[in-house]
Amino acid sequence: MQRHPESTRVRMCLAASVHFRALPAEDLDRVAGLCRVSALEDGRLLYHARSELDRFWIVLSGSLRIFSTDEGDEFVYALLGPGAFFGLSYLLSRRQLAVAASAYGATEVAAVDGTSFLALLDRSPRLWRHVGGLLADRLNLAMMVVRDLSNAPLRKRIVRRLLGQGISGGRDLGAGARVELRVTQSDLAAMLGTSRSKMNAELKQLEKERLIEVGYRTIALANLEGLREIAGPDLFAF
């Protein structure tokens, strides 16, 4: 059967994703066949907090910025890169999300129709088990983030978050690789619950040690072996 070009592109993204690449080929085909691709300009809102949810999304290119606001204060949860998913657990639970999502740079997403996906899950226990594993991983991730915010020094939290962003985007984190991430110091500070001035000081020190290189809205991971030593075990992908 000849695939629609849009489905072919989504399938390629799923096959490279840390979250979906373990699925058998037929499941990748079925999920990709339910998707419709949309392009978002930088800053475009994909989802309003507490809106009704009838689909979930997979990032194909660019990034989704997941955030919430409370009395004017903003908290950034994560930047989701290619292969990451957003809204899946809320689709299954039929609950509203308390967070919003917007494009971080030019971004393309694949919207997976909720009704069709739930019907597919009902026909495929194997896919259900995989989805259950994804949601368990997200819960484990949330607990590790809380642990890091409570106990880990800021330097370690920064490095763990940066490496996690790299893993989430399907980047090669081999010792000899150099990985460039699109992230601002302000958003990184918001994700880690610290001030921009403290974030700037820590990044300058990491740059002085030639572990990273800070650019305009980018941070490059220049010495992955050294960064992994700081981060320790239990790195997580968003």
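Throughout, read-outs are computed from the coordinates displayed, never taken from laboratory work. Computed from a predicted model, the values in this text were never measured in an experiment. When we count neighbours, we look across all protein chains shown, and the Cβ atoms used for this are built from the backbone with ideal geometry, even at glycine.
A few points about this structure:
- Highest to lowest packing among 187-199, 130-142, scored as the average C-beta count within 10 Å: 187-199, 130-142
- Across the chain, the relative contact order, built from alpha-carbon pairs under 8 Å that are at least six residues apart, equals 20 percent.
- Which labelled figure in (1) 26, 22, 16; (2) 31, 20, 17; (3) 34, 19, 15 is semi-axes √(5λ) of the Cα gyration tensor in Å, once derived from the coordinates: (2)
- Computed FRET value (nearest 0.05) for Ser89 with Ala39, which takes r as the C-beta separation and R₀ as 30 Å: 0.75
- Proximal charge balance of Tyr104 [Cβ under 14 Å; K/R count +1, D/E count -1]: -1
- 3J(HN,Hα) couplings calculated from phi for the stretch 121-132 with the Karplus curve 6.51 cos²θ - 1.76 cosθ + 1.60 (θ = phi - 60°) are, in sequence order, 4, 4, 8, 9, x, 5, 5, 4, 4, 5, 4, x Hz; Gly and Pro show x.
- Here the contact order of the stretch 152-231, divided by its residue count and restricted to Cα pairs under 8 Å and six or more residues apart, works out to 38 percent.
- Protection proxy ranking, highest mean first, for peptides 106-115, 156-165: 156-165, 106-115, where packing is the per-residue count of other beta-carbon atoms within 10 Å, averaged.
- In terms of packing, defined here as the mean over residues of other Cβ atoms within 10 angstrom, the peptides 226-236, 61-71, 143-153 line up highest first as 61-71, 226-236, 143-153.
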